[in-house]
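Down below is the structure, laid out as C-alpha cells.
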Amino acid sequence: MEPRVNERMNRDLIRPVSDAEIKKAVKAIKSDSTPGVDGMTGQFFQNFWSIVGPQVTQEVRRFFEDGYLPPDWNYTELCLIPKVPNPNMMKDLRPISLCSVVYKIVSNILCDRLKLVLPHIISPTQGAFVAGRLISDNLLIAHEMIHGLRTNPVCKSDFIAIKTDMSKAYDRVEWDFLESLFLRLGFHQRWVSWIMLCVRSVSNSVLLNGQSFGHFTPQRGIRQGDPLSPFLFILCAEALVHTMEQAERSGSISGMKLAPQCPAVQHLLFADDSFFLCRATLAECAEFLRRLKLYGDSSGQMINFQKSAITFGAGIDPVNRRVLAEFLNIEKEGGDGKYLGLPECFNGSKRELLAFIGENMSKRLRGWFAKKLSYGGKEVLLKSVAMALPVYAMSCFRLTKHHCQKIMSAMASFWWDEDGEKKKIHWISWKKLCISKENGGLGFRDIEDFNQALLAKQAWRLLNDPDSLIARIYKGRYFASSSFMECGKGYRPSYAWRSILFGRELLSKGLIRSVGNGRDTFVWSQQWIMDDCPRRPINKQRDFDVNQRVSSLIGEDGQWDIEKLQYFFPENEVLRIRQIQLGPTEDRDIRAYSANGAYTVKSGYKLATKHKETEEVQSMSLRPGVLELKRRIWKVKTVPKIRSFLWRASSGALAVAERLNTRGLNLDTRCRICLSGSESISHVLFVCSKAQEAWALAGFQDLSHLHTLPLTEALSTCLNMMEDVSLLVTQRRDIPWYLWTIWKNRNSLLYADTQESLLNQVQQASEEARLWHVLNDQQDVHSVLRGLNEETQKWEPHIFGYAKCNLHANWRNASLHSGLAYIIRDQSGNVLHHARDAIIFSPNRFTAELRCLVWALQSMKDLGYQDVIIASDYRDVISAVKKPKEWPLFRAQLQEIRNLHTSFRSVAFETELISSNQIAREIATSVLRDGRLQSYLALGGPAWLHNRILRESI
C-alpha cells in the first residue's frame, strides 16, 4: 500500500492544539448524553466553561504535548443494549461505551482533524463517515448493479453480486494491524501515537441494572460510543479495499461495467456492510474468498456467511447457481431483499415493495395515540419525527400516489383523531394543512411534493459533483454523449434513474447560468441575470448575434469590458452585470433561489408548492382579515397548544353545533348552556353567558362590542387587546389562556362528569400564564447573559509560531465602496502588520468578505508568512472556505483561495466572535466613515487604536 497522507496533511494533523479548538470540541459533545464514570455530561462543561475551562484546557494540552493520557480518562463503563426483543446470548447485546467527557474532548479534536483528511485518502467506494458522501450513493449504485444483473445482456450472464456482513466488526479490530495500517498510509508517527494511546489505554467494567461489575482491559477492538471509532473502522476497511483493487488490477477479480463508458464496480462499502461483484466463475469466487481470508487474518475481521446473500445474473443457469452458492458457503439468495434498508431491485409491484414505508408510519403513529397529546404536541411529533421516517426512502425512490396518500391519510388521522379507534371529523383537508403557516396553513409537508424535492437533491448532486462515483456511473449508463439536464430515460432504465428524472423536473425550474469565463453561456438565449427570478439580459440594440457568448463581453484582463456592456445594455443592466464576479472557472448551472447557489430541499419544496400556496392566498383574500389573523396567531406569546387552538378557532375547526351541521349532522344549533342563540365558535367564546362570566371574572367587564363582530374580527380584537398598554400587563398577557379556559369549560359542562368552579378555572389560567411567562423570561435573561458574555470576550491568543490574521469587510450596498481591513498579531497579541483597502461593486456582504479574505491571503503570502490562522466573524465565509462545493455561486473566488492556500506551510480558518474581532472591524469601518479610500499597509497597529490593542494583548 502506497502512502496517501502527504506532508501538508501531516502538518495539519499534528499542529499544536489551540484554545479555540478545545472549546469547539467541548461544544460538539451532546449536552444530554449519558454520563460516563465521571458522572458528568457535556452540558455541565459547556455551561461552566468559564470556571472549568482553564484547567481542562491545560490537561488536554498535556495530552497533545507530552502524550500523556491519565488512566481514569479512558476507564469506560459498558452499557449492554439488546439487539433483539428477548436476548439470551452475548451476541444479542450491543456494548456501548460510556466515555468520560474529558476523553471525548480529546477524541473530538482528533476527529475534527481527521475528517479534513479522509476525503483525500479513503476510497470512493466507501460511503460511510466521509464528508460529502451519502448512504444513498451506495444504495443507488447497488440498485443499478442489481438492475444490470437482471437486464444487461452481458452482465446478466457473467456476473454475480455478494452482499456480506462483518460479525462483531468493531470488537474484532486488531490493534497491531491498525497501527501498521496507519503507518503504511503515511500518517506521522506522532499522530499514530496519539491514536494508539486512545485505543490501547482502555479499561472497562460492565453496567448491569445500573451497577458496575468487573474490571478488565481489552486486547483488541474499538469502542462503540467513542467518537473516534467510526473513522478508525473505515480506515481499517481500506486494507480490504486495497487487496480487492490489487485483485482487479491483476485481473483475478473483475469489476462489473454497465456500459463501455462506465467505471467498473467491484466492491461497495458502507462501514461494515459490504457489496461485492465478480464474474460467475469458480476461479474468481476462489480468489474472492482468499482475499477475504487475507484481510480477516490480518485485521481480525470475520464474515458472517449466515447473514450474507448472493445475487445471480438472470442468465446464469440453475446448476451453476447451486455450484457457486455451495462453493461460497452462502445459502441465502438475494436480489429480492433489502440493501441498506431499502429494496435492492424493483422487479415486482412497486406498491408491494414500498408498502413497508406506509406500514411503519401507521405503526409509529398508532403507538403515539396512547400519549394523549395536545395539538401542539402532535404538531411537533408529526414534523420532527413522523416526517423523518420516510425521508431516506423518498430521497432514493419516487413513491407511488397510493403510498403518498396512505402516508398523508395516516398523518391526518393522527392529527384529528383522539385515538386509533374513535374517528373524528377532519375539519380541514390535509392538503390545506400542508400550506405554510405564513399563508394560513400549518406547515406540514405534502408527501408527493416533498418526495420530488428530495429527489431533486439527488439530481443536483449529479449536476454539481460530476466526478463522484455515482455521477460517473449514471453518465456512462444513461448520458454518455449528452448532458444530465438534456438526457432522456435511456434503454430499460432502473426505477432509481426514473425517480431521479422526476426530481430533475423540479430542479430545472430553478436553475440559472453562473458565468465564470463566459465561454459556454449564450448572451441572448440563456438565463444568467437574476432579479426576482432568472432571466435573459435586456438588449438596447435592434440587431444582435443570437450565438454571441458572454466571453465576448470580457476583456483580456479577465474583467468586464465596460464599453461593450454600455453598447449592448441599458445603464441599470450594466450595473447589475458588473456585480457578477468573473473567474477562470467554467460556466455552469447553479441554483437561482439560494444565497450560495446550491440546491436545498427547503428551497426546492418551496418552489414545488408555490402554485398551491398562491392559490390558497388568493382564496383567503376573499375573506378579509383571515390570513393576517392567522399570521398574527403564530406570534402570540403562549403555549403551542393554545396557539393551535386559536388557529383552529380562526379556521372554523372546532366542533360546535353550527359547524357540525355543515358536516351533515342534523342538530339543534341552540347553545345548550345558555339556551339563547345559535352555538357558533364566536358565541362560545364571547356571547354565551358562561363566556361573559369568565371574561368578567378575568377583569374584562364590558366586551359587548365583540358580540356582534364576525369571529375573525373578534379574535383580532383580542390580539389587539394584548398590545393595549391601557390594560394591566397581567390582564393582556393572560388573554390566550382565558380563551382556552372558556373552551375547556364549555366542553366540561357538556361532556364531563364533574365540573370545577369557573372562578377557580380563571384563576388557574392566570397562574399558568404567570408561570409560563416567568420561565420564558428566565430563558430570555439567560440568553441575554450569554450574549453579554460573548460581547465581552476579547481577542484570544493562538498557537505558538503562528501568525493570526483577523479580517473584516464593512459592506453597505452593492453600488458603493466597501471597506476592507486585516490585522496580523503573534501569539502574545503584538501587532505585526495591519492594512486597509476599499473596493466597489460587491453585490452583498458575503462577496465583500470573500474579496477581503483573498486580499489578506495574497498580502500574507507577499509578506512571507508561512504558518497562519485566518479569523473572521462572518461564519458563512469560513464555512464556504472549508466546504467549497456547498457554495457553487462563489466557486471562482473559492478556487482562488484554494490556490493561495498552497502558498503557505500551514493555514487554519477559524470563526471569531464579533467582540474578539473588534479591532479589524474598527479599521474596516473607518474606511467609509472617514473617507480613507486609499489602500495602505503598515508595520504594527494603528496609533488611534493603540490602547485597545494593548488591553487585548494583556
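Structure values in brief
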{"quantity": "J(HN,Hα) series, segment 649-663, from Karplus relation 6.51 cos²θ - 1.76 cosθ + 1.60, nearest Hz, glycine and proline x", "calculated": "5, 5, 9, x, 9, 10, 7, 9, 4, 4, 6, 5, 5, 6, 9"}
{"quantity": "Longest to shortest principal axis, alpha-carbon extents of segment 605-653, angstrom", "calculated": "32, 26, 18"}
{"quantity": "Euclidean distance of C-alpha centroids, segment 279-298 and segment 157-235, integer Å", "calculated": "24"}
{"quantity": "Distance histogram for segment 670-775 (every C-alpha pair counted, 5 angstrom bins, percent rounded to whole numbers)", "calculated": "2, 12, 23, 25, 20, 11, 5, 1, 0"}
{"quantity": "Phi to ³J(HN,Hα) by Karplus 6.51 cos²θ - 1.76 cosθ + 1.60 over segment 561-568, Hz, x for Gly, Pro", "calculated": "7, 4, 4, 5, 4, 5, 6, 8"}
{"quantity": "Cβ-Cβ FRET estimate between residue 763 and residue 465, R0 fixed at 60 Å, reported to 0.05", "calculated": "0.45"}
{"quantity": "FRET efficiency, residue 319 to residue 708 (Cβ-Cβ, R0 60 Å, nearest 0.05)", "calculated": "0.10"}
{"quantity": "Placed amide H near residue 514: partners under 5 Å, 5+ positions off or other chain", "calculated": "588, 589, 590"}
{"quantity": "Extension reserve of the residue 725-residue 662 stretch, reckoned as 0.36 nm per residue once the Cα distance is removed", "calculated": "18.7 nm"}
{"quantity": "Value of D in µm² per second that Stokes-Einstein yields for segment 803-953, Kirkwood Rh from Cα pairs, at 25 °C (0.890 mPa s)", "calculated": "160"}
{"quantity": "Kirkwood hydrodynamic radius of segment 705-750, Cα pairs, Å", "calculated": "11.6"}
{"quantity": "Phi-based couplings in Hz for segment 193-206 (Karplus 6.51, -1.76, 1.60; Gly and Pro marked x)", "calculated": "5, 4, 5, 5, 5, 5, 7, 8, 8, 6, 9, 10, 9, 10"}
{"quantity": "FRET efficiency estimate (nearest 0.05) - Cβ-Cβ, residue 619 to residue 472, R0 51 angstrom", "calculated": "0.60"}
{"quantity": "Within the chain, helix-based [θ] at 222 nm, where runs of 4 or more DSSP H residues each add -39,500 (n - 2.57), nearest 500", "calculated": "-14500 deg cm²/dmol"}
{"quantity": "Spatial separation of Cα centroids for segment 8-64 and segment 847-907, in angstrom", "calculated": "27"}
{"quantity": "For segment 517-582, the Rg and Dmax computed from alpha carbons only, in angstrom", "calculated": "11.0, 32"}
{"quantity": "Exceeding the 28 Å Cα-Cα cut-off - candidates 457/861; 83/885; 91/293; 363/401; 257/401; 424/744", "calculated": "457/861; 83/885; 257/401"}
{"quantity": "D_trans [Stokes-Einstein, Kirkwood Rh over alpha-carbon pairs] for segment 85-145, 4 °C, 1.567 mPa s, µm² s⁻¹", "calculated": "86"}
{"quantity": "Inter-label distance for residue 542 and residue 519, nm, one decimal - labels placed 7 Å from Cα along Cα-to-Cβ", "calculated": "3.6"}
{"quantity": "Cut-off under 5 Å, modelled amide H: who pairs with residue 803 long-range", "calculated": "867, 868, 869"}
{"quantity": "Equivalent ellipsoid dimensions for segment 254-397 as semi-axes, Å, which come from the Cα gyration tensor, largest first", "calculated": "40, 18, 15"}
{"quantity": "Gain on full stretching of the segment that runs from residue 252 to residue 203 - 0.36 nm per residue minus C-alpha separation", "calculated": "13.3 nm"}
{"quantity": "Debye log10 I(q)/I(0) for the chain, one point scatterer per Cα, at q = 0.05, 0.10 Å⁻¹", "calculated": "-0.40, -1.48"}
{"quantity": "Rounded D (µm²/s) - segment 351-427, Kirkwood Rh over Cα pairs, Stokes-Einstein at 37 °C, 0.692 mPa s", "calculated": "254"}
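No value in this document is a laboratory result; all are computed from the given coordinates. Being a predicted model, the structure only gives us computed values, none of them experimental. As a convention, Cβ positions derive from the backbone with ideal geometry for all residues, glycine included, and neighbour counts pool all protein chains shown.
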